[in-house]
Amino acid sequence: MRRFFLLILMLAMSRAGSGRAATNDFFASGITAIHNGNFLDAVGGFQKSVRQQPATGALVNLGLAEWQRGHAGAAILAWEQARWIDPFDERAAQNLKFARMAAQADEPQLKWFEAASVWLPPNAWLWIAGASWWLTVGALMLPGIFRWKKSGWLSALAALGFAVFLFSLTANVGVVSRTNIGFVLKKNAPLLLTPTRTGEIISTLNAGEPVRRQRTRGDYCFISSANGSGWIESKAFGLVAAR
């Protein structure tokens, strides 16, 4: 029943496309592969499409193709990356809700300034910070430059601009902090005491489980999760803000 539900959802979304992504050949090849039931080729097509031009539609369909292959962790990561680009994408949000229930995976625990940063796309906070800063400067400096009579509304405008600027700075800090959030890709991924293949296993992590990267050493990352902290192979998890 779950596979049937996801397949119906996938076919509906694949027709919708995604702006620029719908125009490139990789996205089109992924859609064709989905309709043919070849989910491995679909994953390859959507991954290439994302590398060429990151877009929510390609990531949503990538997640659906990964889910059909039984890769819950990779599916959740793809949908989280779609929401990184567009926090308002309901397709990714609904798929994440369904997948987390099925895979028994938790949502990442966000700090308050990280929670504020998800209200808008990351780049939007940069624009807001710049615009509110110059609004504040303009409201304070222009009356003196043009010898305008001081007025209460200019002071209020400057205060509002500065308040927005301070909040946008907080949100930008949250964006940077969230770049260290990732999701486990493999089922029963070992959490190690030391960054070595022979390291003692502290616990195992579920596919799709959120983790927070602390530092990197070679092919391993020290992460924190709900199941504790330790080392994990870098290839065993993916960051939501992949570069």
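Identify the residue in the range 159-174 that is touching a residue at least 40 places away in the same chain (Cβ under 8 Å) and in contact with a Phe, Trp or Tyr (Cβ under 6 Å, 6 or more places away or on another chain) and, among all such residues, is nearest to MET141 (Cα to Cα). Break it down stepwise before answering.
Of all residues in the range 159-174, those touching a residue at least 40 places away in the same chain (Cβ under 8 Å) come to 167-174.
Filter once more, keeping what is in contact with a Phe, Trp or Tyr (Cβ under 6 Å, 6 or more places away or on another chain): 168, 170-174.
Working: SER168: 22, THR170: 25, ALA171: 26, ASN172: 26, VAL173: 28, GLY174: 30 Å.
The extreme case among them is SER168.
Among residues of the range 138-158 that are free of Cβ contacts under 8 Å to residues at least 60 places away in the same chain, those with a beta-carbon under 7 Å from a residue that is loosely packed, with under 10 Cβ neighbours inside 10 Å at least six positions away or on a different chain give the pairs PRO143/LYS150. Residues that are loosely packed, with under 13 Cβ neighbours inside 10 Å and polar (S, T, N, Q) were ranked within the range 197-215; the one that is nearest to the chain's Cα centre (by Cα) is GLN214. Hey, any hits in the range 58-80 for a residue that's among the β-branched types (Val, Ile, Thr), over 13 Å from ALA99 (Cα atoms) and at pLDDT 90 or above? Within the range 58-80, none of the residues are among the β-branched types (Val, Ile, Thr), over 13 Å from ALA99 (Cα atoms) and at pLDDT 90 or above. Annotation for the range 93-109: no member residue is in contact with a Ser or Thr (Cβ under 8 Å, 6 or more places away or on another chain) and in the same structural domain as LEU59 (by TED's automatic domain parsing).
Annotation note: of TRP127, TRP133, the sole residue that is loosely packed, with under 13 Cβ neighbours inside 10 Å and either out of contact with any Cys (no Cβ under 6 Å at 6 or more places or on another chain) or over 17 Å from GLY238 (Cα atoms) (or both) is TRP127.
Tell me, which residue of the range 173-190 that is assigned to a loop (DSSP other than H, G, I, E, B) and either modelled with pLDDT of 95 or more or small (Gly, Ala, Ser) (or both) is nearest to GLN214 (Cα to Cα)?
Here is the first cut: in the range 173-190, the residues assigned to a loop (DSSP other than H, G, I, E, B) are 179-180, 185-188.
Next, from what is left, pick out any that are either modelled with pLDDT of 95 or more or small (Gly, Ala, Ser) (or both): 179-180, 185.
Details: THR179: 11, ASN180: 7, LEU185: 18 Å.
By that ranking, first place goes to ASN180.
Of all the listed residues (VAL50, VAL43), the sole one being at pLDDT 50 or above, outside any loop (DSSP other than H, G, I, E, B) and under 22 Å from PHE88 (Cα atoms) is VAL50. Checking each residue in the range 117-137 for being in contact (Cβ under 8 Å) with a residue 12 or more places away in the chain, under 23 Å from PRO54 (Cβ atoms), in a helix (DSSP H, G or I) and among the aliphatic types (A, V, I, L, M) picks out LEU126, ILE128, ALA129.
Go through the range 13-37 and give me each residue that's crowded, with 17+ Cβ neighbours inside 10 Å, within 15 Å of GLN68 (Cβ to Cβ) and modelled with pLDDT of 90 or more. GLY30, ILE31, ALA33, ILE34 - these are the residues of the range 13-37 that are crowded, with 17+ Cβ neighbours inside 10 Å, within 15 Å of GLN68 (Cβ to Cβ) and modelled with pLDDT of 90 or more. Number of residues in the range 219-243 that are assigned to a loop (DSSP other than H, G, I, E, B), more than 20 Å from the chain's Cα centre (by Cα) and touching a residue at least 40 places away in the same chain (Cβ under 8 Å) equals 0. Out of the residues in the range 82-108 meeting the condition of being touching an Asp or Glu at 6+ places or on another chain (Cβ under 8 Å) and under 14 Å from ALA58 (Cα atoms), tell me which one is surrounded by the most Cβ atoms within 10 Å (Cβ to Cβ). For the range 82-108, the residue satisfying everything is ALA82.
Would you call THR216 over 24 Å from SER117 (Cα atoms) and outside any loop (DSSP other than H, G, I, E, B)? Yes; evaluated as a whole, the condition is true for this residue. The set of residues in the range 191-211 that are free of Cβ contacts under 8 Å to residues at least 24 places away in the same chain and part of a strand (DSSP E or B) comprises ILE201, THR204.
Being under 18 Å from VAL164 (Cβ atoms), modelled with pLDDT of 95 or more and not in a loop (DSSP other than H, G, I, E, B) is a property that TRP84 lacks.
The values are calculated or read from the model by the stated rules, or taken from the named source; none is laboratory data. The structure presented is a predicted model; accordingly, all values stated were derived computationally and were not measured. No Cβ is skipped: glycine too gets one built from the backbone with ideal geometry, and neighbour counts run over all protein chains shown.
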